[in-house]
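The values are calculated or read from the model by the stated rules, or taken from the named source; none is laboratory data. This one's a predicted model, so the numbers in the text were calculated from it and none came from an experiment. FYI the Cβ positions are ideal-geometry reconstructions off the backbone, even for glycines, and counts take in every protein chain you see. These area figures cover heavy atoms from the full protein model, side chains too; ligands, DNA and RNA do not enter into them. Shrake-Rupley method; radii C 1.70, N 1.55, O 1.52, S 1.80 Å.
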Amino acid sequence: MKVLRTIQGEVESCVYLPEQLSQSEYRIVAELSAVEYEALMNAGWRKFGAALHRPICESCKECRSLRVNVEEFAPNRSQRRALEKNADLTVAIGPPFLDEERLELYNRYHAAQEYRKGWPEVSKTAQDYFYSFVHNPVPAAEIAIRDQSQTLKAVVLLDITPNAVSGVYHFHDPEERQRSLGTFGMLQALFLAQQLEKPWAYFGYWVKDCSSLSYKTNFQPCELLGPDGVWRPV
């Protein structure tokens, strides 16, 4: 790993738990191997592109890394319904890609989440999207989900490490809420992990009292990373 810069962020209101204050540490890397990144994930780090980050909040330890046991995972009843609802969609796996279709869907999804869930306002430019999701020091994949007219309905972005598929971000058509596209996309990530024979699927941070993240424990069996660095079953 070659670190270009280490940054300690400002203390600010938490986007997950607004009553809490949050602070993050960042590392901008020029080089990072998949093995090194997997070790960092097991120490509580995550990343977008070449920018690593982890929470260093003094008064709160609610951001917990979550991973799913791929070999033992089986969809529950609700997840099987999501598969049935979307049986007409096509799933294509390839490298992360940037075009107007993806950028438009990302910004439309995020705008809907700002309105429905109070997410902070974000509008990515093509350059933002490229450096967050396409420019990547480790192997990566994109799952593109389309309807029968070839309209893009959802995108799942992933990092690939020796023992894991790691979810970076997923977004989908906000006008198709009845389809449960978020659940469908995460299931596709798990199916890819099974195909690649990876024992784990990492799904970022879980925060118990944050509705935008609490759903992740529906994918069982899963484990949470403790403040002591030990993974424990949920």
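When Rg is the radius of gyration of the Cα atoms in region 72-212 and Rh is its Kirkwood radius, what does Rg/Rh come to? The partial results should precede the final answer.
Working: Rg = 14.8 Å, Rh = 15.8 Å.
A ratio of 0.94.
Straight-line cross-link partners of Lys2 among the lysines, defined as a Cα under 22 Å from its Cα and at least 8 positions apart when in the same chain: Lys47. The alpha carbon gyration tensor of region 6-85 gives principal lengths a ≥ b ≥ c with a/c of 1.5 or higher and a/b no greater than b/c, which makes the shape oblate.
Straight-line reach only, C-alpha to C-alpha below 15 angstrom: list the aspartates and glutamates that Lys216 could link to, leaving out same-chain residues fewer than 8 apart. List returned: Glu62. Would you mind classifying region 9-145 by shape? Square roots of the alpha carbon gyration tensor eigenvalues, ordered a ≥ b ≥ c; an a/c under 1.5 is rounded, otherwise it is prolate if a/b is larger than b/c and oblate if not. Cα axes put region 9-145 in the rounded bin. Restrict the search to region 24-81; then list the trypsin sites (Lys or Arg not before Pro) that DSSP places in a loop and that have at most 13 other Cβ atoms within 10 Å of their Cβ. The qualifying sites are Lys61. With 0.36 nm allotted per residue and the present C-alpha distance subtracted, the Asp209-Leu21 stretch has 66.2 nm of extension available. Computed from the C-beta positions of Ala43 and Lys124, the FRET efficiency with R₀ = 30 Å rounds to 0.60. Within the accessible surface of region 41-122, defined with a 1.4 Å probe on protein heavy atoms only, the carbon and sulfur portion equals 50 percent.
Its alpha carbons considered, region 148-220 gives a radius of gyration followed by a Dmax of 13.0, 39 Å.
Per residue of the chain, what 222 nm ellipticity follows from adding -39500 (n - 2.57) for every DSSP H run with n ≥ 4, rounded to the nearest 500?
On the way: 5 runs with 54 residues, N = 234.
For the chain, the value works out to -7000 deg cm²/dmol.
Loop-resident trypsin sites (Lys or Arg not before Pro) (DSSP state other than H, G, I, E or B) in region 118-225 with no more than 14 further Cβ atoms inside 10 Å of their Cβ: Lys208.
Give the residue list of GluC sites (Glu not before Pro) in region 98-130 that are DSSP loop and have at most 13 other beta-carbon atoms within 10 angstrom.
On the way: sites: Glu100, Glu101, Glu104, Glu114, Glu121; in loops: Glu121.
Hits after loop and neighbour filter: Glu121.
Pull out the extension gain between Ala87 and Ser59, defined as 0.36 nm times the separation in residues minus the alpha carbon to alpha carbon distance; nm, one decimal. Can you show the working numbers first?
Working: separation 28, 0.36 × 28 = 10.08 nm, distance 4.51 nm.
Value of the extension gain: 5.6 nm.
Extending 7 Å from the Cα toward the beta-carbon at both Glu104 and Val3 defines two label points whose distance is 4.2 nm. Averaging the Cα positions of each part gives two centres, and for region 179-234 and region 46-114 these lie 9 Å apart.
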